[in-house]
2 protein chains.
Amino acid sequence: MEKENELFGVKEIARRANVSTATVDRVLHNRTGVSEKTKARINAIIKEMDYQPNILASRLASRKIINLAALLPDVSEETDFWSAPLNGIRRAESEMKQYGVQVQVFLFDLNDKDSFATQIGHVLEGGFHGILVSPSFIEETRKFAAECSRRKIPYVFIDSDIPGLHSLSYIGPHLRKSGYVGAKLLTYRLEPEKKVLIINISKEIDNFNYLEIEDGFRAYFNDNNQPNEIVRIDIRETDYQSVARHLTYVFHLNKDIGAAFVTNSRVHTVASFLKNSHRTHVSLIGYDFVKENVDYLEDNVIDFLICHRPDDQGYRGMMALYQTLVVNAPVTKQNYMPIDIVTKENYEFYQN
Amino acid sequence: MEKENELFGVKEIARRANVSTATVDRVLHNRTGVSEKTKARINAIIKEMDYQPNILASRLASRKIINLAALLPDVSEETDFWSAPLNGIRRAESEMKQYGVQVQVFLFDLNDKDSFATQIGHVLEGGFHGILVSPSFIEETRKFAAECSRRKIPYVFIDSDIPGLHSLSYIGPHLRKSGYVGAKLLTYRLEPEKKVLIINISKEIDNFNYLEIEDGFRAYFNDNNQPNEIVRIDIRETDYQSVARHLTYVFHLNKDIGAAFVTNSRVHTVASFLKNSHRTHVSLIGYDFVKENVDYLEDNVIDFLICHRPDDQGYRGMMALYQTLVVNAPVTKQNYMPIDIVTKENYEFYQN
DNA sequence: TGGAATTACGGGCACGTGCCCGTAAAGGTA
DNA sequence: TACCTTTACGGGCACGTGCCCGTAATTCCA
C-alpha cells in the first residue's frame, strides 16, 4: 500500500553524480553554469535511469502560469455549431487548471474576414504560450502561422487544415473521405435514373473545405460507376428566402432529383424547403449535429447527418498544446477524426 | 505571468479560523480530535471560500497508492474484441500513474464460467480500492456486487449492464436501441417481400444481451410497419463448420432471405459462409470493429458494423473510479455510449 | 485534590521539483 | 601579488497538503 522506498528523481541523480540537486536541475532545463564534464556525466545518469520528471511536483513548485489562447468563430444566429468545440475547450481547461494552465478564448465572425484578422492581432499581442485556431481564412492564417513560427509559439488547427504550414497538429476531419462517405449513404438506396443535387450554401467563396468535400463525393460516384447524373448549385446567401428561391429554380429545371447533399451544417435550411414544398421523398444528407438539423432528422426529412466530433476536436486541440508545453510529450501531426454517421435512431446517444 | 498572491488553501482557512493547518486538515478528512465548535467554524469558512483542494499537492504529499482492478474476458482465438477495452484501461493507467494510481488486470475465459468465479475471488482478495468489471455472468456478478457493497468498494460495469445492482456507473451501449439502429440500417434498402434472418452465435445461453438487442431489432419492425418476415436461429457452436451447417439449413428452408443481422461480433463467420456459398447479395450487419469483420467490410460482404467504442469504455470506466477515489467528484450512473455506424468508407478513421 | 486518562490542538517534516542567492574556485589583468 | 570578473556549484526555501508526534488543556475518578 505504500510507495517503494527507492530514492527517486532529481535527488537520486544528484547522489549518483556527486552533485547537488540544483546542478541536476540546471542540466534538466539546460541552463548555463555547468561544466561540460559534469553535464555529460549527469546526462548519462539521466538516460540510464530513464528519468521521468514528476509533473505533479514540477507544476506545484513552478509559479509560472501557462497561458493558452483559442480562436474560434462565434456562435451565430445561423448556427450554434461552434459551441461544441468551445465545450471541449472548456472541458480541457478545467482539467488543466490543476496544472496551472489558463485558457483565453477569442471569437470572430465567420461572415467577416476583418474580425478574424483583428482577433489574430489580439492573440499575437497576448503573449500566449500556445494557440488553437480554426483557420477559416487562408491568407490571414498564413500570416499568423508565419508570425507564430518566428516567435516559436506552437499552434494547432482544428476543423479544417491548411496544408504546408508548420502547425503542431491538425485535428479534424479528412474532408475528402467525408464527402466520400456522404455519397455512399446517399446512393445506398438511390434509384439509378434519379439525379443527385449537391448544394453549397456559404457567403465565403475562398473556403476550400467545400471543394474537398465535393471532390470526395464525386470520387465515390466514379469509383463505383454510379450512373446518376450530378447537378450542383452554389448559393451565396444564407437566409431561407434566398435558399428557397434558388432551390425552387433548380428543382424546376430538374424534375427527377432523388437525393440532395449539402456540404455543410446549413442542411436544415434545405430540409425546411423540402418539407414546405412537399418534397420529403428526396433523400437528404448534410453535416453537423446542431439542433435544427437533429429536429429534421427526427422528422424524417434529413436521412443522415455526418459529424466529426467537434467537441472532441476542441478538447484534443487544447490537450495537444498541453502535451507539448507541460508534459513535453510528442504529438501526432495529423489527427483525423472519425466520420460519424448520425441517424434518427442513434442521435440520442451521440456525443458531440 | 505569475500566480496571484492571495493566500490559498488550507493555510488561508487556518488563518481565518485562528487554528493550525493540522486542525483544518482533520476537519477536511473528518478525522477525530476536533471540538464541535471549531469544526463548525472551520466548515463554515470552507464553504464560504468554496475551497477546492489542490490535487497536485494532495497526491504528492500522500504516500498512499490507490490500487484499481479490472476484470475482463481474455482475448481469445475467436475474437480480439477485448483488446480494445484493455487498451483504454492502459491509457487511463498511464494518465493516472502520475497521481499514484496503479492498475492490475485480471482476465477470464468467456467460455468458462468457473474462470470468472475464480478471478472474482482473486480480485476480492486483492484489497483493491475500486474495481472495473465486464459482468459476463449474471449470478456470479450478483454475488460479487453484494460483497463489494458490504466492503464499500466502488465498482463499475462496462459493455453490459446488470440492472438493480448498485454499481458506481454503467458504461456501455443501450443494447435495445443498438438493435433498433441495426434494423434501420438493414431495412434501409430492403425489398418488402424479402425475409430477414436474425443470427445468434454463442455458447453461453444466459447472456441476456442478445435478447435485448433482438428485442430492439424487432421493435423497429413494429414501429415502422415493416412487412418483412423475420426468421431467427440460435447457434450454440462457434466454429465455422457448425455455423455453416446451421446456416445452410436455414437458407435451404427460406429461399428468399434478403438480409441477415448477427447479434454479436461473430458476424465474420457468417460473412465467410455467405461468401463461400456465393450469397453476397444478402445484406449483412453485425457488431464490433475487429479485424476479421473489417476485412469483410472492405470486401463488401458486410454492409455495416455497429460499434460502441470499447476502447473508450475501458478508459471511461477507469476514469470513473479515479474521479470517485482521487478527485472525489460525482460520476453519472448511466453512461450510454454512442451507437457508431462503421462502413467500408469510414472505417479507416474509426477510433475504437 | 491529586493523578491518570482523554481530548484538542500546534509544530514541523515530508513529498519532488523550481529557483534564488551565496560563495569557493578558476581565470584574467596590471 | 593584489584585485576583479567569470564560472561552477551547493544550500536551502517554497509550492499546498498529509500526517506523525508532542503537549497543553480538559475531564474523569477515587
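Figures for the structure shown
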| read-out | value |
| --- | --- |
| Heavy atoms of A:LEU68: accessible area, 1.4 Å probe, square angstrom to 10 | 0 |
| Per-residue SASA entry for A:ILE66, accessible area with 1.4 Å probe, Å² rounded to 10 | 20 |
| Surface share of carbon and sulfur [accessible, 1.4 angstrom probe, percent] for the protein assembly as shown | 48 |
| For B:GLU48, solvent-accessible area (1.4 Å; no DNA, RNA or ligand), Å² | 140 |
| Lysines whose Cα lies under 24 Å from that of B:LYS37, excluding same-chain neighbours fewer than 8 positions away | B:LYS11, B:LYS47 |
| Global geometry of the range A:9-53, whether rounded, prolate or oblate, following the gyration tensor of its Cα atoms and the 1.5 cut on a/c | rounded |
| B:LYS195/A:GLN98 FRET efficiency (R0 60 Å; Cβ-Cβ; nearest 0.05) | 0.55 |
| Accessible area expressed per residue, the protein assembly as shown, with surrounding protein chains retained (probe 1.4 Å, Å²) | 46 |
| Accessible-area order (highest first, 1.4 angstrom probe) of the listed residues B:MET318, A:MET49 | A:MET49, B:MET318 |
| Helix B:267-276 axis, angle to chain B major axis (alpha carbon atoms, nearest 10°) | 20 |
| Neighbouring partner chain Cβ atoms per residue of B:331-342, average, 10 Å criterion | 4 |
| Contact order normalised by residue count of chain A, Cα under 8 Å, 6+ apart, percent | 17 |
| Point-to-point label distance, A:ARG150-B:MET49, nm (Cα→Cβ direction, 7 Å offset) | 4.6 |
| Residue order for B:VAL243, A:VAL231 - accessible surface, 1.4 angstrom probe, largest first | A:VAL231, B:VAL243 |
| Label-point separation, A:ASN18 to A:SER277 (7 Å along Cα→Cβ), nm | 8.8 |
| Percent RCO, i.e. relative contact order, over the range B:175-307, from Cα pairs under 8 Å lying at least 6 residues apart | 28 |
| Residue pairs, from the table A:LYS194/B:LYS184; B:LYS177/B:LYS255; A:LYS39/A:LYS97; B:LYS203/B:LYS291; A:LYS344/B:LYS195; A:LYS177/B:LYS195, whose Cα atoms sit over 26 Å apart | B:LYS177/B:LYS255; A:LYS39/A:LYS97; A:LYS177/B:LYS195 |
| Paramagnetic reach from A:ARG236 (point 7 Å along Cα→Cβ, amide N under 13 Å) across the range A:253-273 | none |
| Candidates A:PHE217, A:PHE106, A:PHE304, ranked by Gaussian network fluctuation over chain A, Cα under 10 Å, top entry | A:PHE106 |
| Centroid-to-centroid separation of the range B:24-103 and the range A:306-321 [C-alpha atoms, Å] | 26 |
| Hydrodynamic radius by Kirkwood, which averages 1/r over all alpha carbon pairs of the protein assembly as shown, in angstrom | 28.7 |
| The range B:175-307 shape via C-alpha gyration tensor axes, a/c threshold 1.5 | rounded |
| Gaussian network model of chain A, springs between alpha carbon atoms under 10 Å - residue of A:ARG59, A:ARG41, A:ARG142 with greatest fluctuation | A:ARG41 |
| Fraction of antiparallel bridges per DSSP, the protein assembly as shown only, in percent to nearest 5 | 10 |
| Highest-fluctuation residue, B:ASN276, B:ASN264, B:ASN335 considered, GNM on chain B with Cα pairs under 10 Å | B:ASN276 |
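The values are calculated or read from the model by the stated rules, or taken from the named source; none is laboratory data. In this text, all values refer to a predicted model and were calculated from it rather than measured experimentally. Ideal geometry is used to build each Cβ from the backbone, glycine not excepted, and the neighbour counts take in all protein chains shown. Side chains included, ligands, DNA and RNA excluded: accessible areas come from the protein's heavy atoms. Shrake-Rupley method; radii C 1.70, N 1.55, O 1.52, S 1.80 Å.
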